Every structure is written in structure tokens, then in C-alpha cells.
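Worksheet: the structure to be examined is printed underneath.
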Amino acid sequence: MTVIGGGVAGMSAACALAEAGFRVQLVERRGYLGGRASSYLHPGVNEVIDNCQHVLFGCCTNLISFYQRIGAANKIHWTRDMVMIEPGGHRSKLGPMPLPAPLHGLPRLLTSSAFTLEDKLSLARAFRAMLRPVAADSRETLAEWLIRHKQSRGAIERFWKLVIASALNAEIESIAVPYAAKVIRELFMNSAWAGAMGMSSIPLSELYANAETFLTERGSSVLYNTSVESIERDDEVTAWCVNTRTGKLVADFVVLALPFEALSKLLPNLPPAEGTGKLAAQIAQQEHWPLCSVHLWFDRQITDLDHAVLLDREIHWLYNKGRFQPWRNWKGSYVELVISASRSFASLPRERAIEQSLRELAEFFPAVASAKLVKGALVKEVRATFGVPPGIDAFRPAAAPSPWPNIFLAGDWTATGWPSTMESAARSGHLAAEAVCAEIGEAHRFLVPDLKPRGLMRLFG
Ligand SMILES: Cc1cc2nc3c(=O)[nH]c(=O)nc-3n(C[C@H](O)[C@H](O)[C@H](O)COP(=O)(O)OP(=O)(O)OC[C@H]3O[C@@H](n4cnc5c(N)ncnc54)[C@H](O)[C@@H]3O)c2cc1C
């Protein structure tokens, strides 16, 4: 049994299959696990940094179950509050109060100074409209929906664009309403726990090192620095030959847990089969969005917050990583700024990106002006996440059937119903593992269902 791709999708498929008794070879092109959610020693700053801050939420049931399976769940630092800061430094705290869902978030939203009365009324209108699930086949964009629901400028700029579009890492004109509705309902309406935010207290690749331990303890293995170049059918032994740059692997089952661009490169080197044309056409419909992160080390503390949402500027999210990664032992502060879906920021050279980030950061935290920047790094991920425009679900293939017998698909972009997230990747891995087991007539359940809505939200399932 070979799983190709050591991202969250491949790891979650491999671990589930190893638990079910398969001997799995997890094959990864790079020298570490994690894929797009990984960390590495950045030579410019001589620090291990994540390629970008990755957050999860209480609603990420499959990712949490994968973390539990590999014994890494206790490394997640959870918070229920979200602090919004306006330029000038004025803060508003959003987060749950002890009221039945979906009312739990309302008191703080209604008293937040980040929104005018008009903004609050339009958000209340929008939340009311989102109480009922949006039809999954809706062709409306979020931008069109916001106009139809008469959203104020402040609500659009400070909530829809900043919180929702940036969680989906795309512009509102390119987001299908069902995906926006999913984010709103899970993060703000279904329950207080569903919207709680988690951040790893250790570097991402270290978090995933547990996956290797889990596999090796069950007779499985991870092959690093092994790039799969082609796959052929060996009809004599009715198995698949997975050809890598360093040798040949033989597998009865294969899970291709690859991003769509890597699968697209591999397609010409897989046997011709009915359905490959359709798969290639589905891949051709996928679109990437960039994400940038700016990592800054100051000689002193610049804020007492772990995390903040920064309003009205290019920098969107602040993670005060020195606070929830205290092992770093950095005497000042290590903060990471995340800039979502901004193609203009992604085109800036390093110096200008850091300069702009510092200038903007000082508008939120006055201490930045007197702090000394000790070092800084810019990480650009040009192909960070896939977009979720209307109609995208028709172009997300299921784990099975794939065009080839005993080959299954996984990856965040496959048919999970979730946007480009670690949860989608974990779901896809669990779905692929279930499909492999079903092929040999074993009914294993790895997919963890969505959290049930709580409180009054139970009436609006
Ligand atoms: C900057 C950034 C920020 C993000 N922020 C968040 C966030 O806050 N929260 C969240 O939930 N998600 C976030 N995401 C999205 C999340 O990282 C992805 O959805 C998820 O990690 C995808 O996992 P995957 O396993 O499907 O794919 P990948 O992580 O891309 O894994 C695929 C693996 O396959 C390997 N591979 C490719 N080709 C071959 C080959 N030929 N042979 C062998 N191996 C191969 C790759 O090296 C890689 O390790 C972010 C992504 C980025 C880039």
C-alpha cells in the first residue's frame, strides 16, 4: 500500500490505513512531512519558522481526529476570543458569551466599536439570512449575495472581506456563497466550540513528526526525498509499479495525495485510462490564490495579545508567536503577520514588504515605533490555496472511483465540500482510506462527521 504525498491528506490517509492493519509506504518528495503546512530552518533568520501560520477551528473534526490519532492534539493552543484592532489601536473583542447558539457571539458583536450601527444592522440581517443552509448548487458569488442583502461598506470591508474572504483566501467576487455560508455558520453560529481557534505551539513539521512514529510503530514507513515520476501497471503480479527518482516500489493499492498541479504533471506518466481526460479537465478548472507571511523579531514586547485581526490595512492577521511558543525563549517578541489573497503584496520585494508591514503594524501597536527590529523574513506562497468560485464542486473529483483500478485520490482540492484547508486535506485522507478498505470488503469508518449545531441552531440544521 503506497500513499504518495506527505501533506496532511497523505499523512491522514496513511495513518488511518496503518491503524486498519495495512503496511503503508508514505512517499514524500521533500525531506520532511507537512506539505503546504510545514516548517523549516529559514537561512536568512536562522530560525525554524512555519511556511505560514496555520490555524484550525473546533469544527475541524477530521484534522483534530488525525492529531488525536498521532498523539499531537495536546500541542494545540486554543483561544475563543478574536480581538479586532483599528488603526490607532482601538480594540474590540469578539467571542462567545454564555448564551445559546447562535446568540453566543451577538453581545460582543453588538457592542464592538469596530462596526457602526448601520454595519451591525446589516450584519444581523446577513446572519439571519444564513440561519438556513444555502443551496449547495447556488451559482451566486459572495459579492452578489452581499449586494442582495444590502450590506454596508463597513460590514463588507471589516467583516466580509477581512474575516470571511480572508479565511477562504480569495476575493469576494470569486467566492461561492455556500462556502462563505459554511465559514459563517461554523465559526460564528453553530456553537462556541466550533468557532474556537487553535494554533500549534510547536513548529508544524515537528507536530507531524508524530505521524512518522505512528506509522513506523505499525510496521509502515516514510520514504523522504523520494519523488514519484511515473506509475505503471505490472500485469504479471497485478500490482502497481511506482517509479521514483531513486527506485521502484510495488503496491497493490495507491493513494495519490497530491496537489492538483503535481497530479497534473504525473498524469501523462500514468497508464492511459477512461476518465483521465475528465480528470485533466477538472484540474484545468482549479485556480490558485497566494498567501504571504512576514516574520518579525523585535527586541521587546510590542503587544500583550496572542492574536489579533488588523482592520483597514494590507496586513490582516497578527500572531504573537513568542507568546504561544514560549520554548523559543526569545526575550523580545516574535510576531507573524499574514496577508491573505493579495496578489499586489505578493509581488513586493522583501525589503518593501517588510517596510510596509512595519509601518502598518506601528499604526496598531505604538510600541513598534520604539522597538528595534532585530531580524525579519518574508515568505511568499504563490500557490497557497485553491479558489472556491461558484460551480467549483463539479471540478472536485472524489477519492473513488479514479480512472485506474486500485488507485484513489486525496488532497484538499478533492471532493470534501470544504475549502482549501488542513481539515479538507484530513477529510480527503480519511475518505480515501475508507475507499481502500471498501475495495477489500472491509467497512472502516475514518471520516468524522461535522459537529452538531448547538442551542437554537439545532432548529436550523
Ligand atoms: C501560506 C499558507 C497558509 C495556509 N493557512 C492555512 C490555515 O491557516 N488553516 C488551514 O486549515 N489551512 C491553511 N492552508 C491550507 C493548507 O496548508 C492546505 O489546505 C493543506 O496543507 C493541503 O494538504 P494536502 O496534503 O492536500 O496537500 P500538500 O500539503 O500540498 O501535500 C502534498 C505533498 O505531496 C508532495 N509531492 C508533490 N509531488 C510529489 C511527487 N511527485 N512525489 C512525492 N511527493 C510529492 C509535496 O511535497 C507535499 O508534501 C494554508 C496554506 C498555505 C500555503
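Laboratory data are not the source of any read-out in this text; all were calculated from the coordinates shown. Just so you know, these numbers come straight off a predicted model, no measurement behind them. For neighbour counting, all protein chains shown are included, and Cβ atoms are generated from backbone atoms with ideal geometry for every residue, glycine included.
Determine, for MET422, MET197, MET130, the number of other Cβ atoms within 10 Å of each Cβ, and report the residues in order from fewest to most.
On the way: MET422 26, MET197 19, MET130 22.
Lowest to highest Cβ neighbour count: MET197, MET130, MET422.
Over the range 12-137, what is the relative contact order in percent, taking alpha-carbon pairs closer than 8 angstrom and at least six residues apart? Walk me through the intermediate numbers first.
Numbers: 78 pairs, mean separation 13.7, N = 126.
Relative contact order, the range 12-137: 11 percent.
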Set of aspartates and glutamates near LYS120 by C-alpha distance (under 14 Å), chain-local residues within fewer than 8 positions excluded: GLU157
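For the range 29-120, what does the alpha-carbon gyration tensor say about shape, rounded, prolate or oblate, given a ≥ b ≥ c as the root eigenvalues, a/c under 1.5 as rounded, and a/b over b/c as prolate? Please list the in-between numbers first.
On the way: a/c = 3.46, a/b = 1.65, b/c = 2.10.
Since a/c reaches 1.5 but b/c is at least a/b, the shape of the range 29-120 is classed as oblate.
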Between the range 29-100 and the range 171-191, the alpha-carbon center distance in angstrom: 19
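Taking only C-alpha pairs under 8 Å that are 6+ residues apart, what is the relative contact order of the range 353-436 in percent? It would help to have the intermediate numbers written out before the result.
Values: 82 pairs, mean separation 17.5, N = 84.
It rounds to 21 percent for the range 353-436.
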Helix-only [θ]222 nm of the chain, DSSP H runs n ≥ 4, -39500 (n - 2.57) each, per residue, nearest 500: -8000 deg cm²/dmol
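Over the range 81-205, calculate the relative contact order: mean separation of alpha carbon pairs under 8 Å at least 6 apart, over the residue count, as a percent. Let's see the in-between values first.
Numbers: 142 pairs, mean separation 31.5, N = 125.
Once normalised by length, the contact order is 25 percent.
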Inter-probe distance in nm under a simple model that places probes 7 Å from Cα toward Cβ, at ARG383 and ASP137: 3.2
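Exposure proxy check: THR414, THR116 ranked by fewest other beta carbons within 10 Å? Before the final figure, lay out the partial values.
Numbers: THR414 27, THR116 14.
By the 10 Å Cβ count, ascending, the order reads THR116, THR414.
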The range 5-18 - phi-based ³J(HN,Hα) in whole Hz, Karplus 6.51/-1.76/1.60, Gly and Pro as x: x, x, x, 4, 5, x, 5, 5, 5, 4, 5, 5, 5, 5
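How large is the translational diffusion coefficient of the range 14-74 in µm² per second when you combine the Kirkwood radius over alpha carbon pairs with Stokes-Einstein at 37 °C and 0.692 mPa s?
Details: Rh = 13.9 Å.
Rounded to a whole number, D works out at 236 µm²/s.
For the range 235-277, would you read off the P(r) tail past 12 Å as a percentage of all alpha carbon pairs?
In whole percent, the long-distance tail amounts to 70.
Give the calculated FRET efficiency between ARG245 and ASP312 to the nearest 0.05, with a Förster radius of 60 Å applied to their Cβ-Cβ distance. Please report the intermediate quantities before stating the final value.
Working: r = 48 Å, r/R0 = 0.81.
Efficiency for this residue pair is about 0.80.
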Nonlocal amide H pairs with THR385, under 5 Å, H built at 1.01 Å: TRP289
Exceeding the 29 Å Cα-Cα cut-off - candidates LYS93/LYS321; LYS182/LYS331; LYS150/LYS321; LYS182/LYS380: LYS182/LYS331; LYS150/LYS321
Rg [Å, one decimal], Dmax [Å, integer] - the chain, C-alpha atoms: 22.4, 72
Cα-based equivalent ellipsoid of the range 383-461: semi-axis lengths in Å, sorted from largest, via gyration tensor: 24, 19, 11
Rounded Å value of the spacing that divides the Cα centres of the range 197-231 and the range 437-461: 26
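Going by how many other beta carbons lie within 10 Å of each one, how would you line up HIS54, HIS42, fewest first? Walk me through the intermediate numbers first.
On the way: HIS54 21, HIS42 16.
Fewest-to-most ranking of HIS54, HIS42: HIS42, HIS54.
Using DSSP to define loop residues, name the trypsin sites (Lys or Arg not before Pro) in the range 293-357 whose beta-carbon has at most 14 other beta-carbon atoms within 10 Å.
Values: sites: ARG300, ARG313, LYS321, ARG323, ARG328, LYS331, ARG343, ARG350, ARG352; in loops: ARG300, ARG313, LYS331.
Loop-located and lightly packed - ARG300, LYS331.
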